[in-house]
Structures are given as structure tokens and as C-alpha cells.
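Below is one structure; the comments refer to it alone.
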Amino acid sequence: MSTGQASKADAELILGFVAGERESLARVDRWIQEVLGNRRFLLGADREDVAQDVRRRLLVSFRAGRFEGSSSLRTYVWRAAQHAALNHIRGRRRRPTSSLDPGWEPAAPASDPLAALALEERRELARRVLAALGDECRRLWALAVFEELPYRAVAQRLGITEAAVKVKALRCRRKAASVYQQLKGAPSATLTPEQAP
Amino acid sequence: MNCTAPEAELVAGLSTGTLSPSDSEAVRRHLADCEECRVDAAFVAEMAATLRSLHLTERELVAAAWARQRPAHVLDCASCREEYEALLAVDADLRAGQARVPWVPVAAALLVAVLGAGLWKLEPRPAVEPVPGAEVARLGEAERRLAQAESRLATLEREAVAPHLNVPIIDLEPNAATRGPAAAGRLVELAANATTVTFVVVTRPMPPHDSYTLEVLGSAAEPRFVADGLLRSPYDTLTLSVPRALLPAGEYRFVLYGRRGGDRERVETYAVSVRHRP
């Protein structure tokens, strides 16, 4: 376990937690509950399951010596709990995030730089496509693609008929497809909204 | 795009998941016969995936909220915005809680200090300044723990390169499949010189998961260790060998989880009692 930079009290608490000492477990658990008990997360009956998930993450992390003491242990536990709560909330919404987010700890700058670069390039492309669309298309795509709402719900949000949403979606799709293809073909080109079809 | 079928206009909706079930079905039937629309559907799916790459990962959201930096994407994505704002509020509560002065303990400490000072004045002064006993005890305790951990590590290192004798091989049946006294827990007795125990974890027949994780919990449901990356054999079993040091005598609950795609679900639970023979 590498707790070289951690304060002595934190290092002792980690040793106790890993050894399953009741006092250390209770202390860490109190910090976990400070986060999970927040009404903003609305965890309800799932709270204990999420807490167990946090304990598991912490145990794995401590055993692997990943707590380096760059923050206090309490802050570290809070972040782990926030991450687990968010993961749970997203799971309820059925939004897949695991492929995007393999870990919960702050990544070291050198950890898988190629993947980070590929993701950043992909995001840059997405930003440029969105920037080239008008406000109307951008709003519609945000609801359909980001929120993954069915056309009926999109229609309700925009206050128009479902048929009108389908027509707009087709028009926006063509526009986005054209921009997307152009940008993919010429990655260094910058397409302004005026240039978009 | 030359296809003029009415379903061609809905192909994008299929890729983004925005169609009603009946429209989805109609588009799927159309795609089976239309190569051009299949290509279009794949293209739209790729484009939608690229746009969705803007979704902030959990790590990014937690870090952004912690740093109070609003990411641009939350302006477009309402659910990311909700999540970000929830995290901000939770952070604010946590910081407020940390900053709050715990008046009761502070008042108690002040009272003790005042009374202590009064008593100290009444007592005769010792000739030598007393050693700060609490600090010495605390350091002593930390050193004892460190020595224990080092000794345990040395034992584990020795055991790792020695043959393992008297290794019990234990079949674990799921709790739900047992009745009567067996449900109280599978008894594992370790001989004095047994350094590992091998578990053959039996599951009920079910569609396979991509991988399995076994979490081992102690009697107070505290996590003891996690075995990640287990694979199921064609006979619905998984195997793992556990060092004795990870299984002190006591009651345990083994919880098997399966991962399929991004989902993790509980598969089975097993009760285990461990005894160490002298």
C-alpha cells in the first residue's frame, strides 16, 4: 500500500479499514453517508446498495495503494461516494456510461493518453457539428440525441406536433450529416454556421 | 439518398431511439430489404455516437462540480445539467458541514480545559515535565500495526513460493438452492498447515454474463475482499483459491455478481463458515 503522501491519521484509518476494524469502517461509513444521505441524490431504498458499492470501490482502491494523499481521505471518500451515486442515477436512466468511464479516481495525466486523445478528437468533431447547426436543430438534437427522448416527448417539450418533429428531425439530420461528412473529410477545416448547408 | 419509401425518413429515429414501437418495427422491416437505408442507418448511428461522446463522464462531472467549473455541454444536455447541479448542491452541503463549528464538542472541550486548569493549579507541580502519554501511546500503536503488517507480508511472501498442503476443495451451492441446516452456511475447516482453500462456486443454469465478480463480506456485511474477472465454465461453475490470511475464522457471505455490457447484477449468494483447526 502506498500511502507515502497521506497524513499519518489517514494512513492509519486506511490500514484499519482494510483490516476490517469496526471503528475505521464506521468512520469511513459516516463520510459515505454524508454524501449518499443528501436528498439531492434521491437514492431511497437503494442507498445501502450504493454504500456497499462505495465500500467495495474503496477497498479495491486502498488495497491497490491508489490513495496517494493528494487530498484528505475524507475528500477522497466523498468523491468515491459522489461517483457511485451518479453511476447509480445514470443506471436508473439506462444511460450507458461504463464504456466512457472506466474508473472513478482522478486519472493520472499519463494514463492511456491515446484513448484520451481519440475521445477529445471525437468530441471536437461533435462540437463543430453542433456549432454548425442552427439553434432549432441544436435544440431538437439535444432532446433526441442527448436526452434520448421519443419523438412524442420531443414534440411535447417543443410545443409542436409529432409529425412536425419528424419533418424537422429529417431536415436537421440531413444538415448534420452533410456537416459531419465534410468535417470528417477535412478535419482541419472550420465550418461556420453560415457555411453549413 | 434515393430511397423514397416513407420509412426512409424515420431511419435516423431508429438509430437515436426516438421512434414509437410500431414505427421502429416498420423501419426494421424496411431495413431488411433496403441496402441504401442500412448504410444510412449505420452512418446516423455513428454520428449520434459521436455527438453522445460529449456526455460528461462521471469522473468529469464530479471533478467539474468540485472545481466549480460549469462544462459547456451542460448547456445542451438537460440531464447532465441536472446531475451537475445536484453535485454542486451536495458539494456545497458537504463544505458547509465541514466548515460548521461542532459547538457541543467544542463547548465540552472548553469546559474540560477550564476545569483541568483549575485542578492543575491546586495540585503540587511535578519536578519533571510529564511525557505526553497520549501521543506516545498513539505512536506506539501505529508502530505495532506496522510491525504486524510487515510480519503478515513476510508470511504471505514465504507462502507464495511454497507448495500448498491440505488444500480443502469446497463446492459452494447457492443459498436459494439449499434447505434446512445447509442454509446456515457451508462449513470450511482449515488444517493448521493449510495455506489456501479452493472454492468451486456453483451457479444455477442461466444465460452467461461477460465476467463475474465475487465479493466476500464479513459477519457485519463489511467488505473483506473482492475477486474480479471470474469466468464461468460450461458446467456452470467458477473457481478461485483464497489464501488463509484472507479468511480468518468466522461467518462470511459470498455475493456473486455478473456483468453484461454496462450492467452489473447480483447472481447468487452463498453463506460460508470458516473454522481453523488447531
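Quick notes on this structure:
- Remark: B:Val216, A:Val35 ranked as B:Val216, A:Val35, counting other beta-carbon atoms within 10 Å and listing the fewest first.
- Aspartates and glutamates with Cα under 16 Å of A:Lys166, excluding same-chain neighbours fewer than 8 positions away: A:Glu136, A:Glu148, B:Glu7, B:Glu9, B:Asp23
- Averaged over residues, the count of other Cβ atoms within 10 Å places the peptides A:51-58, A:154-161 in the sequence A:51-58, A:154-161, highest first.
- Extending 7 Å from Cα along the Cβ direction at B:Ala249 and again at B:Ala137 yields two label points whose distance is 3.0 nm.
- Average other protein chain Cβ within 10 Å of Cβ, residues A:14-20: 4
- Gained length - A:Ser71 relative to A:Ala19, 0.36 nm times residue gap less alpha-carbon distance: 16.5 nm
Coordinate-derived values only; no laboratory data. Every value quoted in this text rests on a predicted model; they were computed, and no experiment measured them. Note that we place each Cβ from the backbone using ideal geometry, even for glycine, and neighbour counts take in every protein chain shown.
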